[in-house]
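Trainee: This is the structure, below, for whatever I ask next.
Just so you know, all these numbers are worked out from the coordinates, no wet-lab data involved. Not measured: the values here are computed from a predicted model. Because the Cβ atoms are built from the backbone with ideal geometry, glycine has one as well, and the counts that use them run over all protein chains shown.
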Amino acid sequence: MNLSERLRELIEVVTPPTRRFVALEEETGLKAETWRTWWNRGGKASADMIQAAGKTWPEYAFWLVTGTEDFFSGHTSPRIRKSPHVQLRERSAAKAVFLKMIEYAEWRDGGSLDAKINGKVEQADDVFEYFRAEINELTTLRNAQEEALESIEANEPTKRIDSPY
């Protein structure tokens with residue numbers, strides 16, 4: 001399966017079929033017509049589409065780009081989520097970490113030394129500390145979730161799947 005086919009599979013899972021392109025525009029910021037044209041004409045997905053999908057659904061970004069899952073680190077595929085045969089517990093806390101890291105990268109690369117946090121302008125050092133603290137807290141939550149899920153899954157050997165393949 002190539003990257004465009006994976007993007008199509010992802011979109012089929014995360015968007016409703018009746019308002020797919022409107023939902024994509026709302027979620028990613030790319031125009032609905034851009035998505036509709038690519039969807040209907042086929043061809044290769046643009047870099048903007050891939051980047052938008054990866055930022056919107058970061059839990060699928062690794063799979064989208066590589067075709068490989070790293071489920072136990074929070075990188076999955078939509079196939080896993082919709083499969084009735086795979087009984088793995090979702091690592092949902094990882095998505096929050098990914099989203100905060102994306103937010104930090106956008107701030108860092110945005111060229112502004114100041115940023116708005118909770119409605120007020122903060123200096124760059126304060127913003128960096130804010131992101132550092134947020135990412136550390138979310139990472140701690142993700143690690144705690146992973147430990148708990150590993151413990152639960154270890155006690156349910158019939159449900160434990162070391163690899164979804």
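Trainee: Please list, ordered by chain and number, the residues whose modelled amide H lies under 5 Å from the amide H of H75; skip anything fewer than 5 residues away on the same chain.
Mentor: Distant-sequence amide H within range of H75: D70.
Trainee: For T68 and E129 in one chain, what is 0.36 nm times their gap in residues minus the Cα-Cα distance, to one decimal in nm?
Mentor: Net length gain for the segment: 18.6 nm.
Trainee: Roughly speaking, what is the stretch gain from K31 to R79, that is 0.36 nm per residue apart minus the C-alpha to C-alpha distance, in nm to one decimal?
Mentor: 14.7 nm
Trainee: Something else: At a 10 Å Cβ-Cβ cut-off, how would you order D48, D109, fewest neighbours first?
Mentor: Ascending number of Cβ neighbours within 10 Å: D109, D48.
Trainee: On a full-extension model of 0.36 nm per residue, what is the gain between A144 and Q51, subtracting their alpha-carbon distance, rounded to one decimal in nm?
Mentor: Residue separation times 0.36 nm, minus the Cα-Cα distance, leaves 30.6 nm.
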